[in-house]
Amino acid sequence: MFTLLFACLWYVHCEKIHEIPLSASPVAVAMDIQQRVYVALDKGKIVQYDSVGKELAYYSPTQVAEVTMLEARFGVRLYAFYQDLQSFTVFNRFLQPIEQYRLPADKIGFAQTVAWSADQTLWVWDSQEVALKKYNPITQEVTLQVSLWQVLPTEAENTDIVRLQEYENRLYVFTNKEVFVMDIWGNWLMTLSSPTLACLHAEKLWALVGKDVQSTNLYKPTEKNSLACPSLPENILFLHLAPQRLWTFEARKITIWRF
């Protein structure tokens, strides 16, 4: 139970190799295990790209609603959460909606953010009840409920929860200044110091710090490195890592970097 700080030990440089224009600012992004990238734009539109940035599919909803979370790492399905509707939609690999679920108000007060789980349930940060919940959309039952401020360090009460992500049987709770690592039963394991702009890839936490993308090994936290990217723009909204590639997402552009 400890807090880990970044201390980069070696550097790898990256270079820009491709740019992709966007029609609007991205509001959520995801990458699947085949390195296909999904970008949610305004009014619920979603675009799918292959690993080199070629557009593969496009989805425009009949009901306008902003996507607040995308998850694509579980099989060939894409999960999109709509906070204003308190619902999520499941898409196939062609970006065709195949299932839709609404969160019941009597079980979930207000889902601020969610994350899909490998057991086909949903992690939910219920900001109304100040609780972390696991919800089964098939049975419509809450199977786990944890009061975060009782299990996390005392100073955690002063942070804002930004997003959740399950990764290799752990839940990562991203806040405005650090990441709380929890087991699948909601027990706090450790805290990783990290900026808000970060992602998980190859058993590492990658975070944007200035012009560098710094990483910490999730299982050997003293093992660290850094991608030196002096050409990175200032206004990056999201980032994702793939083998030998860094994807950055700006207001009207995607950039792919090689390292």
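The numbers here are math on the coordinates, done by the rules we state, and not lab data. The model shown is predicted, which means the values in this text are computed figures rather than measured ones. Don't worry about glycine lacking a Cβ; one is built from the backbone with ideal geometry, like all the others, and counts go over all protein chains shown.
When the Kirkwood hydrodynamic radius is evaluated over all pairs of different C-alpha atoms of segment 3-254, what value in angstrom, to one decimal, is obtained?
On the way: mean 1/r = 0.0532 Å⁻¹.
Here the Kirkwood hydrodynamic radius works out to 18.8 Å.
Whole-Hz Karplus values for segment 143-149 come out as 9, 8, 9, 10, 7, 4, 6 Hz, taken residue by residue from phi with 6.51 cos²θ - 1.76 cosθ + 1.60 and θ = phi - 60°; glycine and proline positions read x. Calculated [222 nm] ellipticity per residue, helices only, for the chain: 0 deg cm²/dmol; basis is -39500 (n - 2.57) per DSSP H run with n ≥ 4, divided by all residues, nearest 500. What FRET efficiency do you get for Q140 and M190 if R0 is 51 Å and r is their Cβ-Cβ distance, rounded to the nearest 0.05? It comes out at approximately 0.95. Largest mean-square fluctuation among Q48, Q34, Q165, in a Gaussian network model of the chain whose springs join Cα atoms under 10 Å apart, belongs to Q34. For the chain, the relative contact order comes to 20 percent (Cα pairs under 8 Å, sequence separation of at least 6).
Listed by chain and number, the lysines placed with their C-alpha closer than 24 angstrom to that of K204 are K16, K177, K220, K224; residues fewer than eight positions away on the same chain are left out.
In the elastic network of the chain, a GNM with C-alpha springs shorter than 10 Å, the most mobile of E178, E141, E166 is E141.
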